[in-house]
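Asker: I'd like to ask some things about the structure below.
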Amino acid sequence: MGAMMASITSELLFFLPFILLALLTFYTTNAAKCHGAHRWWLRPTKKKRPNLPPGSTGWPFVGETFAYLRPHPATSVGRFMEQHVARYGKIYRSSLFGERTVVSADAGLNRYILQNEGRLFECSYPRSIGGILGKWSMLVLVGDAHREMRAISLNFLSSVRLRAVLLPEVERHTLLVLRSWPPSHGAFSAQHEAKKFTFNLMAKNIMSMDPGEEETERLRLEYITFMKGVVSAPLNFPGTAYWKALKSRASILGVIERKMEDRLEKMSKENSSLEEDDLLGWALKQSNLSKEQILDLLLSLLFAGHETSSMALALAIFFLEGCPKAVQELREEHLEIARRQRQRGESKLSWEDYKEMVFTQCVINETLRLGNVVRFLHRKVIRDVHYNGYDIPKGWKILPVLAAVHLDSSLYEDPNQFNPWRWKGNAPSSFMPYGGGPRLCAGSELAKLEMAIFLHHLVLNFRWELAEPDQAFVYPFVDFPKGLSIRVQRIAGEGQTVLTESTAMSW
């Protein structure tokens with residue numbers, strides 16, 4: 001009995017911030033409507049009653065938020081989605097965080113939502129995310145402001161820059177991480193290593209911060225605290241994750257601001273030394289953004305380029321460990337690429353080598369489909385929508401659940417199984433791991449490049465196994481509870497990269 005009460009208490013403590021958020025959101029968004037509700041009911045109307053999707057509203061104020069946020073394995077949609085889709089279908093209504101919401105597990109509607117961004121639907125993330133990432137973050141901006149910020153990011157991540165600058169940088173940072181791994185038997189967190197890899201890469205390319213330096217490491221630790229608050233309830237008092245994240249935000253912005261001031265001072269000198277080729281310098285020279293806009297841009301890109309890519313890489317390591325056949329085919333593909341390198345007398349990967357990683361792309365696609373780092377998106381209906389016989393009123397929230405489509409058995413055979421061979425052909429239109437439409441992730445090509453280059457050197461140099469059982473869970477962010485602890489063994493022979501500090505630093 002005591003154990004049961006402890007379990008119930010722990011669950012209540014987990015959900016308490018979200019209950020308070022739901023109450024706050026419900027009050028702020030519906031107070032005005034409720035104030036005049038009695039007058040609305042007294043007025044006669046001939047307006048046709050909308051044919052809303054089926055569903056339920058759950059408890060007063062909090063709706064169905066409890067069940068929706070319950071942790072579940074990342075390779076499933078969770079009991080909430082399973083039960084609601086089975087009962088109501090792939091399009092249903094609910095009440096989440098105090099707002100009337102339509103939830104979509106339908107591939108056609110999800111694509112329709114993303115393709116009609118700005119016309120029928122609009123990005124609408126919780127205010128807590130804007131409070132942490134900043135009002136100029138690309139994640140929360142809409143309309144022309146978002147297009148301007150996205151254009152800057154796309155220019156910086158252009159195909160020319162991917163080939164000439166980012167590919168060698170990705171390879172250099174890959175080798176820096178892999179050379180630090182213990183040669184055999186020692187267990188370590190693969191999730192931590194993936195996060196270190198992607199953070200150092202982004203810090204270098206955004207602000208020219210070198211890995212291993214004291215300032216870079218301090219910033220990385222601040223980001224760990226910052227990340228925990230991004231998906232937390234906005235309870236701003238001492239001790240809460242949100243409060244800690246706001247303090248970390250201030251510290252991170254302080255670092256970025258100092259970097260900006262140093263860069264402006266260097267740029268003011270007529271005969272300045274070689275300028276750093278990073279996003280900070282590009283934004284200062286090539287854009288008309290204000291100081292506040294640049295700060296939020298760099299902060300949000302460091303967040304976006306670090307968290308999702310690192311989890312995708314950790315998931316790939318996890319899925320491959322359980323699929324020796326895929327590892328073998330990967331290794332054969334990369335051995336052939338290494339042979340061609342030697343024949344050319346080269347030691348570094350080229351863009352042509354990257355384009356030859358065909359099965360690697362199958363592994364990446366399957367990892368993104370099964371792991372679903374981005375589970376769902378937040379949108380608001382800005383005009384009344386009629387879809388598939390249902391009316392979706394203006395003002396409602398709508399959540400396109402990408403994970404539900406990627407794990408749909410009517411679209412993918414054995415959807416809960418890791419099967420990279422299913423991608424030997426064209427990707428179906430239902431596959432949208434990076435969103436779609438005008439808000440398609442600007443860094444999607446860089447994310448795939450990071451995974452491919454890392455996997456290249458991983459399979460050529462190591463065998464690995466789980467040090468203890470683990471699996472990814474949704475909290476709602478994706479995370480390995482035990483950190484994905486692995487043991488590795490170095491591979492000797494053809495294709496092996498010389499993993500020394502001088503090798504990595506010479507890139």
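Asker: Just to verify a number: FRET efficiency for E148 and S184, C-beta to C-beta distance, R0 = 45 Å, to 0.05?
Answerer: The pair E148/S184 has a calculated efficiency of 0.30.
Asker: R344 versus Q328, label points 7 Å from Cα toward the beta carbon: distance in nm?
Answerer: Placing both labels 7 Å beyond Cα along the Cβ direction yields 2.9 nm.
Asker: Residue by residue through the stretch 250-261, which ³J(HN,Hα) values in whole Hz follow from phi under the Karplus form 6.51 cos²θ - 1.76 cosθ + 1.60 (θ = phi - 60°), with glycine and proline marked x?
Answerer: Rounded to whole hertz, the list is 4, 5, 5, 4, x, 5, 4, 5, 5, 4, 5, 5.
Asker: Something else: Please list, by residue number, every one of the trypsin sites (Lys or Arg not before Pro) in the stretch 298-352 that is coil in DSSP and has at most 13 other beta-carbon atoms within 10 Å.
Answerer: In loop regions of the stretch 298-352 (DSSP not H, G, I, E or B), the sparsely surrounded trypsin sites (Lys or Arg not before Pro) are K348.
Asker: Got a number for the accessible area of W136? Probe 1.4 Å, square angstrom, nearest 10.
Answerer: 70
Asker: Counting only other residues whose beta carbon sits under 15 Å from that of R383, what net charge do I get with K and R as +1, D and E as -1?
Answerer: Local net charge: +1.
Asker: Take peptides 219-229, 418-428 and line them up by average Cβ neighbours within 10 Å, highest first, as a rough protection proxy.
Answerer: In descending order of packing, they fall as 219-229, 418-428.
Asker: Once you have a ≥ b ≥ c as the square roots of the Cα gyration tensor eigenvalues for the stretch 100-180, tell me rounded if a/c is under 1.5, and otherwise prolate or oblate according to whether a/b is larger than b/c.
Answerer: Here the stretch 100-180 falls in the prolate category.
Asker: How large is ³J(HN,Hα), in whole Hz, for each residue of the stretch 425-432 in order, when computed from phi with the Karplus curve 6.51 cos²θ - 1.76 cosθ + 1.60 and θ = phi - 60°, using x for Gly and Pro?
Answerer: Karplus-based 3J(HN,Hα) across the stretch 425-432 equals x, 6, 5, x, 5, 6, 8, 9 Hz.
Asker: I need to check one value: relative contact order of the chain, counting alpha carbon pairs closer than 8 Å and at least 6 residues apart, in percent.
Answerer: After rounding, I find 25 percent.
Asker: With the Cα gyration tensor of the stretch 280-349 giving a ≥ b ≥ c as the square roots of its eigenvalues, does the rule (a/c under 1.5 for rounded; else a/b larger than b/c for prolate; else oblate) give rounded, prolate or oblate?
Answerer: Because a/c hits 1.5 or more and a/b fails to exceed b/c, the stretch 280-349 counts as oblate.
Asker: How much length is gained on full extension from K247 to T57, taking 0.36 nm per residue of separation minus their Cα-Cα distance?
Answerer: Once the chain is fully extended between K247 and T57, it gains 64.8 nm.
Asker: Counting other Cβ atoms within 10 Å, which GluC sites (Glu not before Pro) in the stretch 237-312 have at most 11 and lie in a DSSP loop?
Answerer: Counting only loop positions with at most 11 other Cβ atoms within 10 Å, the GluC sites (Glu not before Pro) in the stretch 237-312 are E270.
Asker: At what distance in nm do the modelled label points of L284 and E465 sit from each other, each positioned 7 Å from its Cα along Cα→Cβ?
Answerer: 5.2
Asker: Return the distance in nm (one decimal) between the two label points of a simple spin-label model at V358 and A427, each offset 7 Å from Cα along Cα→Cβ.
Answerer: Label at V358, label at A427, 1.8 nm between them.
Asker: For the chain, give the percent of accessible area contributed by carbon and sulfur heavy atoms, probe 1.4 Å, rounded to a whole number.
Answerer: Here it works out to 55 percent.
Asker: Please compute the per residue accessible area over the chain with all protein chains in place, 1.4 Å probe, rounded to a whole number of Å².
Answerer: 48
Asker: How much net charge surrounds P60 when only other residues with a Cβ under 14 Å from its Cβ are counted (Lys, Arg +1; Asp, Glu -1)?
Answerer: That sum, taken over residues with Cβ under 14 Å, equals -1.
Asker: For the chain, what is the convex hull volume of the alpha-carbon atoms per residue, in Å³?
Answerer: Taking only Cα atoms, the chain has a hull volume of 178 Å³ per residue.
Asker: Using the Karplus curve 6.51 cos²θ - 1.76 cosθ + 1.60 with θ = phi - 60°, what ³J(HN,Hα) values do you get for each residue of the stretch 127-133, in whole Hz, with x for Gly and Pro?
Answerer: 4, 4, 5, x, x, 8, 6
Asker: Rounded, prolate or oblate, given the Cα gyration tensor of the stretch 270-427, with a/c below 1.5 counting as rounded?
Answerer: Taking the square roots of the gyration eigenvalues as a ≥ b ≥ c, the stretch 270-427 is oblate.
The values are calculated or read from the model by the stated rules, or taken from the named source; none is laboratory data. Being a predicted model, the structure only gives us computed values, none of them experimental. Methodologically, a virtual Cβ is constructed for each residue, glycine included, from the backbone with ideal geometry; neighbour enumeration extends over all protein chains shown. Each accessible area value is taken on the protein alone, full model and side chains, heavy atoms only, with ligands, DNA and RNA left out. Shrake-Rupley method; radii C 1.70, N 1.55, O 1.52, S 1.80 Å.
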